[in-house]
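Chemist: Below is one structure. I have some questions about it.
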Amino acid sequence: MLHTVLDGLLDRTVVAGYTRVGLAVREKFWPALDPDALAGSTVLVTGANSGIGKAIAAGVAGLGATVLLTVRDKARGEAARADILGAVPGADVRVERCDVSDLPGVRTFAADLVTRVPRLDAVIHNAGVMPPERTRTEQGHELSLATHVLGPVLLTELLLPSLATSPDPRVVLMSSGGMYTQRLPADDIEYTSGRYRGAVAYARSKRIQVALTPLLADRWATRSVMVAAMHPGWADTPGVATSLPAFRRLTGPALRTPEQAADTAIWLTATLPTPESGRFWHDRAVRPVHYLPSTRYSDAELQRVWHYCLGAVGLS
Ligand SMILES: NC(=O)c1ccc[n+]([C@@H]2O[C@H](COP(=O)([O-])OP(=O)(O)OC[C@H]3O[C@@H](n4cnc5c(N)ncnc54)[C@H](OP(=O)(O)O)[C@@H]3O)[C@@H](O)[C@H]2O)c1
């Protein structure tokens with residue numbers, strides 16, 4: 001089929017596929033989502049005050065969901081809520097405060113939320129960071145690992161009682177195409193040795209997200225939770241402007257808008273039938289998890305990372 005061939009070619013070229021060029025070609029073949037697809041649903045989005053997370057929140061609100069706009073700064077959350085209500089009048093958008101890298105804070109937040117929100121239909125782990133320098137959380141974890149992996153695993157686990165009451169619960173992990181450049185850091189999960197580079201820490205933790213996705217899918221299958229990892233392509237967001245100014249200058253107008261980059265997360269949350277659990281997605285299609293032979297890892301390495309992460313958040 002023409003569109004499958006085109007889609008695969010775009011993916012291999014990286015630049016065309018990840019920019020708005022790839023999206024423009026692919027979206028011609030996409031059926032529209034049901035405008036009421038998420039009516040009656042509650043969706044939690046982390047890092048929802050900015051960039052792609054704010055666009056995801058607006059997108060799921062537009063499909064009828066109640067949105068838990070989960071942010072680490074309440075004032076920035078309220079400002080984002082006002083913007084979303086401007087775009088989606090009458091939407092039910094509630095600001096929640098949680099720093100996902102702070103594990104005791106995640107515990108407190110989740111314990112309270114499950115009492116207030118007995119049914120949760122989706123959690124979209126969008127919060128992301130590219131630390132400019134080696135940064136440890138209060139609990140001693142490397143910041144990008146804590147933000148992209150440890151916090152999301154713990155938060156999801158603690159929200160299972162509310163997710164399990166949904167007829168079709170879904171969890172989305174926002175990874176990055178940058179993960180294709182990195183192996184699983186099984187020998188240095190917390191990036192303690194060697195020269196620290198934020199972009200490497202970021203890509204390693206995004207690789208861990210994708211590697212753990214099938215294991216998380218198995219773990220949470222007993223509660224019928226669909227788990228997906230995805231990457232959004234390249235988008236012009238406050239995060240990119242701050243962390244990757246040279247990249248932004250180079251790619252310029254070819255970058256996606258946050259709304260374009262949000263599409264697959266919204267689709268994974270809303271589409272029927274439910275997407276297959278445990279897979280890695282981009283632009284509404286399953287993607288390979290490796291392009292370079294050098295990034296392949298053994299099952300023993302995967303198990304080491306898995307057990308480290310479970311232990312780090314106090315799970316067995
Ligand atoms: N833009 C791209 O091209 C691109 C490409 C690949 C992947 N991604 C991924 O897409 C996601 C969104 O990125 P973006 O480009 O939209 O970046 P962004 O504009 O910087 O947004 C990141 C959001 O995450 C929040 N956040 C960071 N650390 C947090 C924490 N510990 N707890 C709670 N919230 C936290 C930020 O809150 P504050 O405002 O309080 O800092 C902000 O709302 C990230 O996971 C990123 O890795 C983006």
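The values are calculated or read from the model by the stated rules, or taken from the named source; none is laboratory data. What you see is a predicted model; the values in this text were computed from it and never measured. Ligands, DNA and RNA are excluded from the accessible area calculation, which covers all protein heavy atoms including side chains. Shrake-Rupley method; radii C 1.70, N 1.55, O 1.52, S 1.80 Å.
Chemist: Test of understanding: in a Gaussian network model of the chain with alpha carbons linked when under 10 Å, which of Gln209, Gln260, Gln303 would top the mean-square fluctuation ranking?
Modeler: Comparing Gln209, Gln260, Gln303 in the GNM, the peak value goes to Gln303.
Chemist: What part of the accessible area of the chain, given as a whole %, is carbon or sulfur when the probe is 1.4 angstrom?
Modeler: Numbers: 7560 of 13360 Å².
Of all accessible area on the chain, carbon and sulfur atoms account for 57 percent.
Chemist: How much accessible surface does Ser50 have with a 1.4 Å probe, in Å² rounded to 10?
Modeler: Looks like 40 Å² after rounding.
Chemist: OK, next. Between the alpha-carbon centers of region 190-205 and region 254-281, tell me the distance in whole angstrom.
Modeler: Distance between centres, Cα-based: 27 Å.
Chemist: Can you give the accessible area of Asp168 in Å² (nearest 10), computed on protein heavy atoms with a 1.4 Å probe?
Modeler: 50
Chemist: In units of 2.2 N^0.38 Å, what is the alpha-carbon radius of gyration of region 87-242? Walk me through the numbers before you get to the answer.
Modeler: Working: Rg = 16.0 Å, N = 156, 2.2 N^0.38 = 15.0 Å.
For region 87-242, the normalised Cα radius of gyration comes out at 1.07.
Chemist: Can you give the accessible area of Tyr291, probe radius 1.4 Å, in Å² rounded to 10?
Modeler: The accessible area of Tyr291 comes to roughly 70 Å².
Chemist: Next question. Mean Kyte-Doolittle hydropathy of -1.0 or higher plus an axial Cα length of 27 Å or more: which whole DSSP H helices in the chain meet both?
Modeler: Taking the DSSP H segments of the chain (at least 27 Å long, mean hydropathy at least -1.0), we get 198-221.
Chemist: Enter the accessible area per residue of region 1-97 (Å², integer; probe 1.4 Å; all protein chains in place). If you can, show how the numbers build up before the last one.
Modeler: On the way: 4640 Å² over 97 residues.
Result: 48 Å² of accessible area for each residue.
Chemist: Tell me, what is the percent relative contact order of region 35-312, built from C-alpha pairs under 8 Å that lie six or more residues apart? List each step's numbers first, then the result.
Modeler: Details: 550 pairs, mean separation 52.4, N = 278.
This gives 19 percent for region 35-312.
Chemist: For every helix of n ≥ 4 consecutive DSSP H residues, a contribution of -39,500 (n - 2.57) applies; sum these over the chain, divide by its total residues, and give [θ] at 222 nm rounded to the nearest 500 deg cm²/dmol. Don't jump to the answer; show the numbers that get you there.
Modeler: Values: 12 runs with 140 residues, N = 316.
It lands at -13500 deg cm²/dmol.
Chemist: Ok, one more. How big, in percent, is the set of alpha carbon pairs in the chain lying more than 27 Å apart?
Modeler: Numbers: 18958 of 49770 pairs.
Everything past 27 Å amounts to 38 percent.
Chemist: How would Lys54, Lys206, Lys74, Lys28 line up by accessible area, probe 1.4 Å, largest first?
Modeler: Numbers: Lys54 60, Lys206 5, Lys74 100, Lys28 165 Å².
I get Lys28, Lys74, Lys54, Lys206, largest accessible area first.
Chemist: Give me the distance between the Cα centres of region 71-145 and region 1-67, rounded to whole Å.
Modeler: Result: 21 Å between the Cα centres.
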